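The values are calculated or read from the model by the stated rules, or taken from the named source; none is laboratory data. Predicted, not measured: the structure shown is a model, and the values here were computed from it. Neighbour counts are summed over all protein chains in view; Cβ atoms, including those assigned to glycine, are modelled from backbone coordinates with ideal geometry. The accessibility values were calculated without ligands, DNA or RNA, using every heavy atom of the protein model including side chains. Shrake-Rupley method; radii C 1.70, N 1.55, O 1.52, S 1.80 Å.
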Amino acid sequence: MSSRPPVAVVTTVTSDAHTWNLVYLQLLLEERGWQVINLGPCTPIGLVVESLAESDVDLLLVSTVNGHGLLEAPALLDAVLHVPERVRPPVVLGGKLHTHGEVGDDEVRRLRDMGFAEVFVGETAVDTFHAYLSGFSASSTANAA
Ligand code: B12
């Protein structure tokens with residue numbers, strides 16, 4: 001049984017140059033005891049895939065706010081779904097995913113159906129992410145016991 005902290009890779013889509021969303025989420029996770037690998041803005045898909053192969057990653061968090069997330073995140077997910085299952089963490093997505101205001105429930109459902117473990121959008125995104133992480137820790141503890 002390992003007592004290492006959970007590890008998250010924080011990343012974004014290739015076109016997205018915004019940085020403070022990534023820093024914010026890194027700090028949020030670190031405050032909750034996570035170890036974070038922040039891949040920075042405009043992340044090449046290959047780098048994201050490499051980061052999973054080389055480390056023991058528990059969560060891949062994709063944050064994007066430039067409005068291209070809905071178009072680009074599926075290709076990133078597709079590449080990650082080719083990573084062997086034993087080293088593939090759940091992938092969560094959040095932020096400002098397109099340029100027409102908030103994405104609706106139908107889009108969120110479609111993204112979940114594609115394979116995103118969870119999608120966090122709108123004003124409640126951060127609160128629901130905290131709740132997700134609480135559930136995540138609870139199940140990790142249960143597995144370790
Ligand atoms: C600073 C900024 C920039 C800077 C970025 C500098 C840098 N190094 O980061 C610069 C000038 C480079 C920039 C460029 C552009 N930007 Co800009 N930018 C902003 C601005 C003013 C602030 C972003 C910021 O730092 N916020 C602080 C962080 C902490 O908050 P956040 O990003 O909103 O993230 C929060 C939530 O979204 C959420 N969240 C985000 N991801 C995730 C993921 C999960 C899992 C969860 C739970 C929550 C979550 O949690 C965070 C904390 O609450 C916003 C407007 C605004 N006031 O938000 C526009 C904004 C993001 N930009 C926008 C646009 C359009 C652009 C450009 C396309 C403009 C242009 N025509 O060139 C380019 C795109 C560049 C690119 N290739 O990506 C739009 C995006 C529109 C959309 N999504 O519909 C915005 C919203 C402005 C607007 N109202 O139109 N931008």
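Rounded to the nearest 20, the Cβ-based charge dipole of the range 13-145 about its Cα centre (Lys and Arg +1, Asp and Glu -1) stands at 100 debye. Gyration tensor over the Cα atoms of the range 1-139: the corresponding equivalent ellipsoid has semi-axes (square roots of 5 times the eigenvalues, largest first) of 21, 17, 15 Å. When the range 66-137 is described by a simple charge dipole with +1 on each Lys and Arg Cβ and -1 on each Asp and Glu Cβ, the residue from L133, V83, A117 located farthest towards its positive end is V83. All other residues whose Cβ lies under 15 angstrom from that of T14 are scored, Lys and Arg at +1 and Asp and Glu at -1, for a net of -4. The mean of 1/r over all pairs of different alpha-carbon atoms in the range 19-76, once inverted, gives a Kirkwood hydrodynamic radius of 12.4 Å. Evaluate the Kirkwood expression for the hydrodynamic radius of the range 45-95, namely the inverse of the mean inverse distance over all pairs of different C-alpha atoms, and round to one decimal in Å. Radius from the Kirkwood sum: 11.3 Å.
Sum up the charges of everything whose Cβ sits under 11 Å from the Cβ of H98, counting Lys and Arg as +1 and Asp and Glu as -1, but leave H98 out. Result for the neighbourhood of H98: -2.
Taking all protein chains in place and a 1.4 Å probe, what share, in percent, of the accessible surface of the chain do carbon and sulfur account for? Result for the chain: 55 percent of the exposed heavy-atom area is carbon or sulfur.
Rg over Rh for the range 83-125 works out to 1.04, using Cα positions for both radii and the Kirkwood form for Rh. Helix screen, the chain: no DSSP H segment has Cα axial length of 20 Å or more and mean Kyte-Doolittle hydropathy at least 0.5.
The simple spin-label model puts a point 7 Å past each Cα toward its Cβ; for D106 and Q35 those points are separated by 4.4 nm.
Our estimate of slack between H82 and E123, defined as 0.36 nm per intervening residue step minus the Cα-Cα distance, is 11.5 nm.
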